[in-house]
Amino acid sequence: MKKINFILTISFIAIITSNIGAQAVGDVLIKNGTLLTITKGIMENTDILIQGGKIKTIAKGIVATPNMKVIDAKGQYVMPGIIDAHSHIALDVVNEATSPITAEVFVGDGLDPYDVGIYQALAGGVTISHAMHGSANAVGGECETIKHRYGVLNPDELRMDGAPRTIKFALGENPIRVHGEGNGIVPNTRMGVEQVFRKGFSEALVYKKEWEDYNKGVTKAIPVYSRRMETLRDILDGKIIIHCHSYRADEILMLMKVLKDFNVKKICFQHVNEGFKVAPELAEFGAHASVFADWWAYKFEVYYSTAYNASILTKNGVVTSINSDSEELIRHLYHEAAKTQRYGSLTDEQALKLITINPAIQLGINDRVGSLEVGKDGDVVIFNKHPLSIYAIPQFTIVDGVVRFDLKNDPKDMRLDIDPEEKMTSTYRERHQHEEDKCMEGVFEFLFESNK
Amino acid sequence: MKFKKFLTLALISFMCSYTYAQGELVATNCYFIQNATVVQKPGTVIAKTNILLRDGIIKAIGAALTPPFDAKIIKADSMYVYAAFVDAMSDAGIKKAETRRDPNAPKPSASNPTLEQSGVTPQRSIVDVFKNTETSVSDLRSIGYGVAHVMPDGQMLPGKTSVFTLSKNKTSDLAVLKKDYGLYARFTSARGVAPSTMIGVMAKYRDLFRNATAASKNQKTFDMPTTKGMARPQTSAELTALIPATEKAQKVFFEAPKTKDIYRAMMLQKELGFDLVIAGTSQVSGMASAVKAGNFHVIQTLKLPEEIKEESTSDSTKTSKKKTLTEEEKAFEDKKLQSYKTYVAEASNLAKMNIPFSFGSMGAKTKDVKGNLAKMIKSGLSEQAALSALTTSPAALLGVSNLVGTVEEGKLANIFISDTSYFAEKSKIKMVFVEGELFEVDNKPKSEAKGNSKLDIAGTWSYEIEIPGMTQTGKMTVKKMDSSYSISVANNTSPNDVEQATDVELSDESLTFVYSPKMGGAPIKVSFKIEMEKDKFSGTVTVPQFGSFPVSGAKIP
C-alpha cells in the first residue's frame, strides 16, 4: 500500500511538473449536462466543447474526436467557473503597511503558485480570484487577477494575461488604526482618510505635469521617478480600476465625491456593508459593489449590516457580486450566493450572476469569462446538483480547458512543494489566527515590530 | 681543506634557504611537490609528476623536474594535487553587523525612513571589514579553499562584494584580489520601516534603479558646456553606487534561495536590464528553463536540507518503528523524501541542462561541504562538473581565471594536497597552499579539541533578547536527560506561559533549540543558537519573518 501511494505521489509530481504546468490550455468535451449559461438561459441536455482553452461549440450531440478528453455530465449542472472578486490566496505578502499610500507596490510580485489554497478554491468551483493587497493603507498596492492554474511553478503562468489593472483602497478603521493610532500620522480619523486621497491625487497631478514638461523639452533635468506617483497618475488617467474596502455609508459617499472631483469613474466598493443605505447613489455613480453574504459585527464599523445587502443592491441596479476574502469561504461561494434567495428572493439567474458575470464586470474581464458563450475562456465547473442547492458539490473544475480539479481521481495530498524539514503532516499549516478579515494580514507583525 | 669549503658552502646555502617574507623569517618560499597525481583542471589528470612553487607562483610542472637547492621537498607519492577551490559566495571573514539600536535615538519614520534605515547601502565596501584572522577564514581554507567572494551583511542592498585571498595575517588591502567587484542584492526587507515586505522591496528596486540611471544622465547633461538653465542635479552616494549596475558595468549578485526568489530576480532583470547572477540558490528546478533561456550564471549553495534516510523495506528492525505511523504520515514521509531528493539532485540538473553554475559555501557548515558534495555526486552530478563548479567556473565568474582555478604554470600557487582522490569517501586534505604559503590541515575531530562536552549546562538561566526598541527577557531551566537535555522556557511578558523547547541539540559549537511562545494567540517560532560557557552564554535568536537578534544570558545560582 505504501508502495502504491509512493508511486502515485511520484507520478503525480511528475505529471504536475512536466505536463500540466507546461500545458496552459487544453481540450475537453462535456456531454449531456444542463448548461447554466448565465447570459443565454438554461440549456438542458447540451454539450459544450472547449478547444485550445476556448469555448468552441455549444450544441446538442457534439461528436468527440479520438484522443479527446470527454466528461459525461448526464444529470449534472455545468456553469461558468466562479469568480471571487476579493481574495488573498496565492500571495506571499498581503500588506505593505508602512505608509498611508503604498501605490508603488504590486501584490503580483509576490505570487505563490505553491499555495494549496488555490487547489482548495478549485474544489469550491472557483477558477479566477482577485488577489488583493490588504486594507492597512488608504491607498494600498496594485492587485492581480489570477487564474487558478494549479500545478504551474512559474508565477507568470498564474496571471490572467490582459486583465485590467486594479488597485486596493481602504476606508475606515483599518488605515486609521495602522497609521493614526499606530504611528501618529495622518489619517487618524475618517476626515484624515479623505485628505490622504485628495493630497495623493493632487501630488500625482503635479508629478504628471513635471514629466509632461520634461517630455516636451520645457525642462532639461529628468524628474525624479516615483512608482507611487506613477500609479496614482494612472488611476487619474482611468487606467486602473479602484477596489475600495469600505463599510459605512458616510465614507462611501465621501469617496464618490472625491472621485468626482478628480474625474475618476472606475470604482468597485468592497465589503460595503452599509451599501444598502446608499444603493441609489452607487447606481447613479456607476460604482460596483462586492459584498459578503452574511458576515458582520466583527468591528464597530461593521455593526449596521443586513443579509439583504446583496439583494437590495441588485434590485437598485448596482452591479453586485459576492466575495469571500477568505481561503475558507472561497470553497463554498455557491452556497453564499444561494443565501440571497432566502434573504431578498433573488431569482436563480440573479443569484448565479453574483458569482460569475458580475465579478467579471467588476474586474473588467467580462469579455472573456463569466458566462458560457462561444469564444469565451474554457473556465467551467460541473456540479452534481444545481449549484444553488444545499446538496451541490463541485465534481470537476476546468480552467482554460484543463481539468484542474477532479473530485474522484485527484490524489489525497495535492501539495506541490514540501519542505523536507517540515514536521506537520496535515495540510493545515500554522496560520495566524486573524482577528477579523484577512485584509489585515501581516500588519500585526509590522505593528509589533515597530511600536515598542 | 675540501671539507672546510664544503662546510662554508653548506652554511651559506643553509642561510640562503631562509628568506624574508613580509618581514617574517620563514624557512623558504620554494616548495617542490614530488611524484603526485595532479588534477590540473577538471578532466585533465597528470600522473606521477612534480610541481615547483616559488614566490607564490606555480613555477613549473613536469615529471623531469629536479628540486632546487632551497626547495622544501614534499613527498606526495599516491597523493592528489588540486587547484584550491574558489568560493563563489561566502560570508567568511565578516562579523555580522550589530543590530542593536540606540534606545535614545529618535524612532525612524516608518513611512519616510532614510535610505540607510531602509537597508539601502549599496555604496558600502567590505574591504576594511574583512578580517582573515576570523575562524571562518581558516575553516574555509582547511577544506580546500584559497579564494572567496565575500558578501556584505545587511538588508536589501548591503553593499559591494569583494574577492579575497584566504591567506593569513595579511592586512585587508593585501588580502583583496578584486575590490568592490559586484553589487549584492537581496529581497530582505527593513525592520519596522518601509520597505517592510518583499513587494515593498521590489517597488524600491524599481525606483532606485530608474533614479540612478536618471542621475547619471542628468549629470552628463549638466556637464555638457552647451547646457544652460539647468540646476545642479541632486544625487546621493547610494544612487551613484548603483550607476555601474544600471549600465551593466557591474554584476548584480541577487540572493535567490528558492524558485520564487529566482523568478522575482529575473523579473526585475527584465524590467531594469542589469547583469544578473542568481546567487545562493537551493532550488532552481521550477524555473530551470527560464534560467537557461536567460543565460544566467547560477551560484548553487553547498547547503543541503537535513538528510532524510531512505528506509529499506528489508530492514526488519526498522519496520517496528514504522508501524506506529498512520497511512497519512507514511505518505507524508514519502513526499518529504522525494522533496529532499530533488534538492540533492539540483546541482546535477544544472549540469545536465548546461546551465553555467558555481558552488557557494555561504549558509553551509564547512564540515558538511564534502559530505554534501558526495551526496550530489551520488545523485548524478559528475566529479568533473563538481570540480568545475568549485574551481574554473567561479574563477571565470569572478574574472580571476588568469590567476586561479587550475594547476597551471604561471598561475598563483593556490593548490591543496589530498591523501587520495578528493572525491573518495575518506579522503583527507593534508596541505593547502594559498599564494605559495603552506597551511597544514589539522584533521583531528573537533569534539576532542574543544572539550566543551564536559560543560554542565543544567540549571536555571536568565536570558535577554535585544530586539530594536525593546528587550525581551525571560528564564529557562535546563535539565539533563539520558542522552540530551530538556529545556523549559518562560518569558517575562507572559510568565505563566512556560513552554518545552523542541529540537534541542548540543554540539561543541553551540546549543540550539526552538521555543514557541503563544504571544497573543498564534505561536511564534523562536530558534535559539547559543554558545554556552560555565555561567553565561551568548548567541542569536531567529524568528521567521522578523530576522535574527542577539541574545545573552547568565546562570542564576
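The values are calculated or read from the model by the stated rules, or taken from the named source; none is laboratory data. These numbers were taken from a predicted model, which means no experiment stands behind them. Cβ atoms come from the backbone with ideal geometry, glycine included; neighbour counts cover every protein chain shown.
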Apart from one, (1) in contact with a helix residue (DSSP H, G or I) (Cβ under 8 Å, 6 or more places away or on another chain); (2) assigned to a helix (DSSP H, G or I); (3) touching a residue at least 60 places away in the same chain (Cβ under 8 Å) all hold for B:Ser358; the odd one out is (2)
Of the candidates B:Ala84, B:Ala92, B:Ala110, B:Ala105, the one satisfying the condition of being over 26 Å from B:Val252 (Cα atoms), hydrophobic (A, V, I, L, M, F, W, C) and crowded, with 17+ Cβ neighbours inside 10 Å is B:Ala110
Expected output for region B:147-164 (first residue in contact (Cβ under 8 Å) with a residue 60 or more places away in the chain and farther than 26 Å from B:Thr197 by Cα, partner in a loop (DSSP other than H, G, I, E, B) and among the aromatic types (Phe, Trp, Tyr), Cβ below 9 Å, 6+ apart or cross-chain) is B:Phe164/B:Phe130
When (1) surrounded by fewer than 24 Cβ atoms within 10 Å (Cβ to Cβ); (2) among the aromatic types (Phe, Trp, Tyr); (3) under 29 Å from A:Asp72 (Cβ atoms) are applied to A:Tyr343, the one that fails is (3)
Condition check for B:Val543: at pLDDT 85 or above and closer than 30 Å to B:Gln155 by Cα = no
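Quick check on my filter: what residues within region A:221-268 are part of a loop (DSSP other than H, G, I, E, B), charged (D, E, K, R) and within 14 Å of another protein chain (Cβ to nearest Cβ)? Steps first, please.
Going through region A:221-268, the residues part of a loop (DSSP other than H, G, I, E, B) turn out to be A:221-226, A:237-239, A:247-248, A:262-266.
When the remaining residues are screened for being charged (D, E, K, R), the result is A:237, A:239, A:248, A:265-266.
Residues satisfying the conditions do not exist here.
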Checked B:Ala71, B:Ala110 against criteria (small (Gly, Ala, Ser) and more than 33 Å from the chain's Cα centre (by Cα)); the one match is B:Ala71
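How many residues are among the hydroxyl-bearing types (Ser, Thr, Tyr) and surrounded by 22 or more Cβ atoms within 10 Å (Cβ to Cβ) if we restrict to region B:387-421?
First, pick out the residues of region B:387-421 that are among the hydroxyl-bearing types (Ser, Thr, Tyr): B:388, B:391-393, B:401, B:406, B:418, B:420-421.
From what is left, the residues that are surrounded by 22 or more Cβ atoms within 10 Å (Cβ to Cβ) are B:388, B:391, B:393, B:418.
Residues that pass the stated criteria total 4.
For every residue, the table says whether it meets (1) touching a Phe, Trp or Tyr at 6+ places or on another chain (Cβ under 7 Å); (2) over 17 Å from A:Leu158 (Cα atoms); (3) more than 14 Å from chain B (Cβ to nearest Cβ); (4) of a type in the set (Phe, Trp, Tyr).
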site: A:Ala59; (1), (2), (3), (4): no, yes, yes, no
site: A:Ile71; (1), (2), (3), (4): yes, yes, yes, no
site: A:Gly81; (1), (2), (3), (4): no, no, yes, no
site: A:Ala85; (1), (2), (3), (4): no, no, yes, no
site: A:Val107; (1), (2), (3), (4): no, no, no, no
**Prompt:** Is there a residue in region A:150-160 that is more than 26 Å from B:Lys270 (Cβ to Cβ), out of contact with any strand residue (DSSP E or B) (no Cβ under 8 Å at 6 or more places or on another chain) and either β-branched (Val, Ile, Thr) or crowded, with 24+ Cβ neighbours inside 10 Å (or both)?
**Reply:** no
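For B:Glu329, indicate whether it is under 24 Å from the mean Cα position of the chain (by Cα), over 30 Å from B:Ala249 (Cβ atoms) and modelled with pLDDT under 95. Full working, then the answer.
On the way: under 24 Å from the mean Cα position of the chain (by Cα): no; over 30 Å from B:Ala249 (Cβ atoms): yes; modelled with pLDDT under 95: yes.
No.
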The residue that is surrounded by the most Cβ atoms within 10 Å (Cβ to Cβ), considering only those in region A:162-209 that are away from every other protein chain (no Cβ under 14 Å) and β-branched (Val, Ile, Thr), is A:Val193
B:Glu408: passes all of (1) more than 22 Å from the chain's Cα centre (by Cα); (2) more than 29 Å from B:Met79 (Cα to Cα); (3) charged (D, E, K, R) but (2)
Per the filter on region A:346-382, residues in a loop (DSSP other than H, G, I, E, B), surrounded by 19 or more Cβ atoms within 10 Å (Cβ to Cβ) and either among the β-branched types (Val, Ile, Thr) or in contact with a Ser or Thr (Cβ under 8 Å, 6 or more places away or on another chain) (or both) are A:Leu346, A:Leu354, A:Ile355, A:Thr356, A:Leu363, A:Ile365, A:Val369, A:Gly370, A:Ser371, A:Leu372, A:Asp379
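Hey, among B:Ser447, B:Ser453, B:Ser488, B:Ser483, which residue is more than 30 Å from B:Val137 (Cα to Cα) and either modelled with pLDDT of 85 or more or in a helix (DSSP H, G or I) (or both)? Write out each step before concluding.
Numbers: B:Ser447 fails: more than 30 Å from B:Val137 (Cα to Cα); B:Ser453 fails: more than 30 Å from B:Val137 (Cα to Cα); B:Ser483 fails: either modelled with pLDDT of 85 or more or in a helix (DSSP H, G or I) (or both).
On inspection, the qualifying residue turns out to be B:Ser488.
Within region B:181-194, which residues are of a type outside the set (A, V, I, L, M) and at pLDDT below 95? Let's see the steps before the verdict.
Within region B:181-194, the first condition is being of a type outside the set (A, V, I, L, M), and the residues that meet it are B:181-182, B:184, B:186-189, B:191-192.
Across region B:181-194, the qualifying residues are B:Thr188, B:Ser189, B:Arg191, B:Gly192.
Let's see how each residue does on (1) away from chain A (no Cβ under 11 Å); (2) assigned to a helix (DSSP H, G or I):
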site	(1), (2)
B:Ser162	yes, no
B:Lys168	yes, no
B:Leu174	yes, yes
B:Tyr181	yes, no
B:Val201	no, yes
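Mind checking which residues of region B:74-122 are outside any loop (DSSP other than H, G, I, E, B) and closer than 27 Å to B:Leu387 by Cβ? Before the answer, list the steps.
So in region B:74-122, the residues outside any loop (DSSP other than H, G, I, E, B) come out as B:74-75, B:80-83, B:85-90, B:120.
If the condition is that a residue be outside any loop (DSSP other than H, G, I, E, B) and closer than 27 Å to B:Leu387 by Cβ, then B:Ile74, B:Lys75, B:Tyr80, B:Val81, B:Tyr82, B:Ala83, B:Phe85, B:Val86, B:Asp87, B:Ala88, B:Met89, B:Ser90 are the ones that fit.
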Residue pairs within 6 Å by beta carbon, gap of at least six or interchain, first lying in region A:41-57 and within 14 Å of A:Asp400 (Cα to Cα), second surrounded by fewer than 17 Cβ atoms within 10 Å (Cβ to Cβ) and modelled with pLDDT under 95, listed first then second, are A:Gly52/A:Val25; A:Gly53/A:Val25
Checked against (1) farther than 23 Å from B:Gly547 by Cβ; (2) within 28 Å of the chain's Cα centre (by Cα), B:Met198 satisfies every condition except (1)
When B:Thr49 is run through (1) free of Cβ contacts under 8 Å to residues at least 24 places away in the same chain; (2) part of a loop (DSSP other than H, G, I, E, B), the failure sits at (2)
